[in-house]
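Right, one structure below, let's go through it.
What follows is calculated from the coordinates using simple rules that are stated; it is not laboratory data. What you see is a predicted model; the values in this text were computed from it and never measured. Here Cβ is always computed from backbone atoms with ideal geometry, including for glycine, and neighbour counts include all displayed protein chains.
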Amino acid sequence: MILSIIVPVYNEKNTILELIDKVLLAQLPTGLSKEIIIVNDGSSDGTKEKLDQIKPSPEIKIYHSPKNLGKTHAVTFGLQQSTGDIIIIQDADLEYSPRYYSYLIEPILNKKTQIVYGSRFIGRIKKMALINRMANCISNFTINLLFGTKITDFHTCYKMFTRDALKNISITSQNFSFDTEITAKFLKNGFSIMELPIEYTARSRKEGKKINWHLALETYGVLFKVRFENNLLNGEILHY
């Protein structure tokens, strides 16, 4: 069985090599292997040159976009290239630790769910700005109101799901709206999402955080678009 690890990268020259080392060292349950898919989304800061330093390996696939097309495009492209039975998204900025892979995958392997989110808000958060915390709370309140759920952190990077869960789901949004669209579509397709607590260390815009208010509002609008576009089944959020 294969775990596909999708790593979207944009201007992360200071962290990308350390992140890949951590991913390679991350332990998985017996019988699982890793497939690491790195999608360089048109970086202009030297990230490509850093990626060129990675030794060729059957575990690692690296793709370069000639221009920046947004995180959603990078993730969906990575999904198209993936072959794993189970998939997780991994940011390249070290805010999320790969040591959680085995922990997050356990409920999927035990057939308790097809989707697991690593929740920062039932876990431990370090250094998150108050404005970002408030924005997350408003977004979570909105998705719960629209879908009748009790989700605590749908903006989390750590989304792990089976390939089967992606059937009949197409991602049409752009920029940073992947998290919003895929969560809403999982719910509308009747899936239950299990949340597990994780530790998260935020970074500031000065340190390289990229999302801004314009992009945040765009992701917010996607919730309403998906909720009212048809009448698929509701799912629910489970806490483990």
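With only Cα atoms counted, the chain has Rg and Dmax values of 16.8, 49 Å. Neighbours of residue 184, meaning other residues whose beta-carbon lies under 11 angstrom from its beta-carbon, give a summed charge of +1 when Lys and Arg score +1 and Asp and Glu score -1. Comparing 33, 57, 82 in a Gaussian network model of the chain (Cα springs below 10 Å), the most mobile by mean-square fluctuation is 57.
For the stretch 1-116, the C-alpha radius of gyration sits at 1.03 times the compact-globule guess of 2.2 N^0.38 Å, with N the residue count.
Note on the stretch 90-132: dipole from Cβ charges, positive end direction compared against 121, 98, 132; the farthest Cα belongs to 121. The slack in the chain from residue 17 to residue 126, taken as 0.36 nm per residue of separation less the alpha-carbon distance, amounts to 37.0 nm. When only the Cβ of Lys, Arg, Asp and Glu is charged (+1, +1, -1, -1), the dipole of the chain relative to its Cα centre reaches about 340 debye.
Counting only Cβ charges, +1 for Lys and Arg and -1 for Asp and Glu, the dipole size of the stretch 147-190 around its Cα centre is about 160 debye.
With both labels modelled 7 Å from their Cα along Cα-to-Cβ, the residue 25 to residue 110 distance reads 2.8 nm. Which of rounded, prolate or oblate describes the stretch 78-122 when judged by the alpha-carbon gyration tensor and an a/c cut-off of 1.5? Oblate shape, in that a/c is at least 1.5 and b/c is the bigger or equal ratio.
Highest mobility in the GNM of the chain, judged by mean-square fluctuation with C-alpha springs under 10 Å and restricted to 179, 153, 164, is found for 164. In angstrom, the C-alpha Rg and Dmax of the stretch 52-155 are 16.5, 48. The charge dipole of the stretch 37-151, taken about its Cα centre with unit charges on the Cβ atoms of Lys, Arg (+1), Asp and Glu (-1) only, comes to about 440 debye. Cross-linked pairs 48/159; 50/126; 55/111; 126/167: Cα-Cα separations exceed 31 Å for 55/111; 126/167. Full extension of the chain between residue 225 and residue 1 yields a length gain of 77.1 nm, computed as 0.36 nm times the residue separation minus the alpha carbon distance.
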